[in-house]
Amino acid sequence: MATGCQTFLKDSYKFEKMMKRSDIKILIIDDEPFIRESLAGFLEDCDYFVSSADSSEQAMDQLRETPFDIAIVDLRLPGMNGDVFIQDVSRLAPQIRFLIHTGSVDYRLSAELLEIGVRPEHVFYKPQHDLALFVDKIEDLLKDRLLP
């Protein structure tokens, strides 16, 4: 079965030569099971190593065990919200890059997140119908690390 990711990957040859996707570790934090599972399944089909959590606290536990490269973070989470999670993680693991996936259409990045390096182009609004945009942004976020 051909997936949207397989079609997209044909256009990503340069990135594939730099690093295998299976070496990239992505953590998805979202309390909505359908969104979390569909995004995780898509990224797994793209050959990324994907883990997921339904809360910031569960994600923190996983971060203690695994050095993730990318975290895709929902903002409205039970317990610690996504903004606070990103700020805390950026202090503990500065190598992690962040994408925000939110249903808040009027969301604006705080000065703290801008200082960490999160930019408006790193914010995805639900529902995000073109999941290949996540792959494009993951590649963009990691290219500074991957180029010689």
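Scanning segment 92-135 for residues that are touching a residue at least 24 places away in the same chain (Cβ under 8 Å), closer than 18 Å to Tyr48 by Cβ and assigned to a helix (DSSP H, G or I) turns up His122, Ala132, Phe134, Val135.
Matching residues to (1) closer than 15 Å to Leu141 by Cα; (2) touching a Cys at 6+ places or on another chain (Cβ under 7 Å); (3) surrounded by fewer than 19 Cβ atoms within 10 Å (Cβ to Cβ):
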residue	(1), (2), (3)
Ile26	yes, no, no
Glu37	no, no, yes
Ser55	no, no, yes
Ser90	yes, no, no
Pro94	yes, no, yes
His129	no, no, yes
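Here Cys46 passes the criteria (1) under 16 Å from Ile24 (Cβ atoms); (2) touching a strand residue (DSSP E or B) at 6+ places or on another chain (Cβ under 8 Å) except the one numbered (2). Is it true that some residue in segment 41-50 is more than 20 Å from Gln128 (Cβ to Cβ), without any contact (Cβ under 8 Å) to a residue 24 or more places away in the chain and either more than 11 Å from the chain's Cα centre (by Cα) or surrounded by fewer than 16 Cβ atoms within 10 Å (Cβ to Cβ) (or both)? The answer is no; no qualifying residue exists. Among the residues of segment 29-36, is there at least one that is in contact with a helix residue (DSSP H, G or I) (Cβ under 9 Å, 6 or more places away or on another chain), without any contact (Cβ under 8 Å) to a residue 60 or more places away in the chain and not hydroxyl-bearing (Ser, Thr, Tyr)? Yes, the conditions are met somewhere in segment 29-36.
Take the conditions (1) assigned to a strand (DSSP E or B); (2) modelled with pLDDT under 95; Gln6 misses just one of them, which is (1).
The values are calculated or read from the model by the stated rules, or taken from the named source; none is laboratory data. As the structure is a prediction and not an experimental result, all values here were calculated from the model. Counting neighbours? That spans all protein chains shown, and the Cβs are built from the backbone with ideal geometry, glycine included.
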